Every structure is written in C-alpha cells, then in structure tokens.
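Engineer: Here it is, the structure, as structure tokens.
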Amino acid sequence: MKHFGRTMTTKVRLFPSSIFRKTLTLNPSRLSDQLLLVARARVADKDTQNEANIRRATSDLYYSLFHAICHALVEPLIGDPEDDAYVGHYRAFYRQADHKLVERRCREFAQNKGYSAELRNFAKAVITQKNKRSLADYDPLERFSISVIKNDIETCETRLKEFWSVSIARRAEFARYVALARYRFGD
C-alpha cells in the first residue's frame with residue numbers, strides 16, 4: 001500500500017472481502033476509497049445499522065469525496081518519497097483544501113455546462129454530501145434512514161469511479177480550482 005508516496009508494509013485487513021468484490025474499480029490504497037468502504041461497512045449488517053453508524057457513514061461519504069480532491073491536488077507531484085522536503089511539500093499541498101471554499105467552488109463548477117459531466121456530477125455530490133455531513137454531525141434531531149444512506153453510498157461510489165476515470169491532468173485542474181483560493185479554472 002502507498003501512503004504519502006511511501007510503501008507501507010503493514011498487511012491489515014480492514015474490510016471483509018465481500019466489500020471489495022462490490023467495488024472492484026476502486027483503489028483501496030487511496031484514503032478516499034477507503035472512506036467509502038468504511039461507510040459501506042458501517043451499515044452492511046443489521047447489527048451495525050444504528051443512528052451513530054448511519055451518521056458516521058454519512059460523514060465518511062463526504063470525507064471520501066473531499067479526500068479525492070486532496071489526492072488529485074498532489075497526484076501529479078513527482079519526487080522521492082524518502083526525501084523529507086518532498087514529503088513536507090506533499091503534506092502541505094494535500095492539506096490546502098478548505099471545506100468552505102471547496103463547497104463554494106463546487107457550486108460554481110456544477111452550474112457550468114462547459115465542464116465534463118463527470119466532474120460536474122462529482123462537484124454536485126460534494127455539495128450534497130457536505131450538507132448531509134453537517135446535519136449528521138451537528139443536528140441531533142435530524143433522522144437518517146438506512147435506505148437513503150445505502151443510496152448515498154452507491155451514488156458516491158459512482159461519482160468516485162467517474163472522478164478517477166477522468167485524466168490526471170483534468171482531475172488536478174479541477175482540484176486546484178475548487179481547493180486553492182487564488183486559482184481559476186484553466187490557468
């Protein structure tokens with residue numbers, strides 16, 4: 001498994017193999033894809049389908065999309081993963097994304113028909129899941145149904161697959177636009 005460009009030798013099975021069979025095109029070494037799998041695992045069994053797990057799964061889905069953007073920011077970087085300067089730059093760049101800016105820029109992006117449907121749909125999913133995450137994390141009176149969260153999981157999986165199908169250059173350009181305050185799409 002790769003983490004911050006370094007090979008990790010730990011072999012821990014975080015998810016049942018049945019979860020991987022459903023999501024063959026996802027990459028379990030990416031944090032974004034792991035978060036989607038965690039959301040799925042939280043509500044996979046009747047025994048785990050409680051309010052806390054449904055709320056956490058909702059939050060996990062937003063963070064899966066958010067970390068896909070962060071990953072796309074650093075994906076084009078080339079360097080020696082053993083070099084401290086590279087690792088420091090990688091971490092700093094990965095953490096540039098601001099949640100409020102990402103939401104605002106995703107709203108702008110989603111409304112512009114000049115961009116690809118895959119990226120516009122991804123931007124819409126980010127907005128939807130950010131709103132649901134806020135309710136899940138901060139509104140104790142909000143109720144969530146298992147059928148809605150399962151639908152959200154499938155939708156997020158589809159949007160992630162579409163996102164990863166776009167070229168690295170277009171993903172990085174999208175990520176720079178939605179995550180970096182001084183960047184305009186196409187610059």
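Engineer: Rounded to the nearest 10 Å², what accessible area does T128 show when all protein chains are kept and the probe is 1.4 Å?
Structural biologist: 60 Å²
Engineer: With all protein chains present and a 1.4 Å probe, how do D33, D139, D83, D47 order by accessible area, largest first? All intermediate terms of the calculation are to be shown ahead of the outcome.
Structural biologist: Details: D33 0, D139 45, D83 70, D47 145 Å².
Accessible-area ranking of D33, D139, D83, D47, largest first: D47, D83, D139, D33.
Engineer: If you don't mind, there's one more thing I want to ask. To the nearest 10 Å², what's F144's accessible area with a 1.4 Å probe?
Structural biologist: Surface accessible to solvent at F144 totals approximately 40 Å².
Engineer: Another one. Between the range 155-183 and the range 68-95, what is the C-alpha centre distance in whole Å?
Structural biologist: What the calculation gives is 16 Å, centre to centre.
Engineer: Same structure again: With every protein chain present, what accessible area does S29 have (1.4 Å probe, heavy atoms only), rounded to the nearest 10 Å²?
Structural biologist: S29 has an accessible surface of roughly 40 Å² with all protein chains in place.
Engineer: Now a separate question. Bins of 5 Å, beginning at zero and ending with the bin holding the largest distance: percent of Cα pairs per bin for the range 72-163, please.
Structural biologist: It works out to 2, 12, 15, 17, 17, 14, 11, 6, 3, 1, in whole percents.
Engineer: Something else: Which of K113/K161; K46/K124; K46/K161; K113/K150 have a Cα-Cα distance over 25 Å?
Structural biologist: Details: K113/K161 20 Å; K46/K124 30 Å; K46/K161 27 Å; K113/K150 29 Å.
Pairs exceeding 25 Å: K46/K124; K46/K161; K113/K150.
The values are calculated or read from the model by the stated rules, or taken from the named source; none is laboratory data. Just so it is clear, the model here is predicted, and its values are computed rather than measured. Note: accessible area is taken over every heavy atom of the protein model, side chains too, but ligands, DNA and RNA are not part of it. Shrake-Rupley method; radii C 1.70, N 1.55, O 1.52, S 1.80 Å.
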